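Notes follow once the structure below has been shown.
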Amino acid sequence: MGESDKKNAVQRGNFDPHTVFSKILAEELPAEFLYKDNLVTAFMDIQPITRGHALVIPNIPAIGLSDLPPETGAQMFKIGQKIADAIKASDIPSEGINLFLADGVAAGQTVFHVHLHIFPRFEKDGFGWKLPDRYFTPPPREELREAKDAIVAAMSSKA
Ligand code: AMP
């Protein structure tokens, strides 16, 4: 295993193809299913941040975003949007909704089967983002431009 493979394995949390979500898809573990089609499945998160916290996952064991066929990613977002609308229309308290996806250990991913979180938000719900100090001093525009150039270059080399 080369250095970059090792780094990748750590970043990917030493991928176990038999994640808890694969077991849920195989119905070897229980779940409160919300939705299923040929691409994605949605069920309730076992440790809800707020009441109504749901997850949408691909039916294939994709670890992270780069393993996800784009049409499956699009369907995850489409169903996430549908669930968000349903939460708002239900009697579950929600003054807002967060959609969140952690891609990689550094981003907070703990289950290595990519998943989109959908959870209701309301004032004093106890959830919050911790922002780094740098956030409060916006960088010079040059820094934004350099980052933009790097991303655009990578996008065009992949196209
Ligand atoms: P993340 O930290 O973004 O990888 O989120 C993983 C999520 O999976 C957490 O919110 C967990 O509560 C949730 N989770 C773990 N095991 C189960 C399970 N058996 N059923 C439903 N949700 C689960």
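The values are calculated or read from the model by the stated rules, or taken from the named source; none is laboratory data. Values in this document were obtained by computation on a predicted structure and should not be read as measured data. Cβ: placed from backbone, ideal geometry, glycine included. Neighbour counts: every protein chain shown. SASA here: full protein model, heavy atoms, side chains in, ligands and nucleic acids out. Shrake-Rupley method; radii C 1.70, N 1.55, O 1.52, S 1.80 Å.
Close Cβ contacts (under 9 Å, 6 or more residues apart or on different chains) running from residues in the stretch 64-85 that are closer than 13 Å to Ile97 by Cα to residues that are assigned to a helix (DSSP H, G or I) are absent. The set of residues in the stretch 56-96 that are among the small types (Gly, Ala, Ser) and either surrounded by 14 or more Cβ atoms within 10 Å (Cβ to Cβ) or touching a Gly at 6+ places or on another chain (Cβ under 9 Å) (or both) comprises Ala62, Gly64, Gly73, Gly80, Ala84, Ala86, Ser90, Ser94. Return the residues of the stretch 32-52 that are surrounded by fewer than 19 Cβ atoms within 10 Å (Cβ to Cβ), within 12 Å of the ligand (Cβ to nearest atom) and either modelled with pLDDT under 95 or not polar (S, T, N, Q) (or both); say none if nothing qualifies. If the condition is that a residue be surrounded by fewer than 19 Cβ atoms within 10 Å (Cβ to Cβ), within 12 Å of the ligand (Cβ to nearest atom) and either modelled with pLDDT under 95 or not polar (S, T, N, Q) (or both), then Glu32, Phe33, Leu34, Met44, Asp45, Ile46, Pro48, Ile49 are the ones that fit.
Residues in the stretch 103-119 that are of a type outside the set (Gly, Ala, Ser) and either under 17 Å from Met76 (Cβ atoms) or in contact with a strand residue (DSSP E or B) (Cβ under 6 Å, 6 or more places away or on another chain) (or both): Asp103, Gln109, Val111, Phe112, His113, Val114, His115, Leu116, His117, Ile118, Phe119. Of the residues that make up the stretch 17-31, is at least one in contact with a Phe, Trp or Tyr (Cβ under 6 Å, 6 or more places away or on another chain), open to solvent by less than 70 Å² (accessible area, probe 1.4 Å), part of a loop (DSSP other than H, G, I, E, B) and at pLDDT 95 or above? Yes, some residue in the stretch 17-31 is in contact with a Phe, Trp or Tyr (Cβ under 6 Å, 6 or more places away or on another chain), open to solvent by less than 70 Å² (accessible area, probe 1.4 Å), part of a loop (DSSP other than H, G, I, E, B) and at pLDDT 95 or above.
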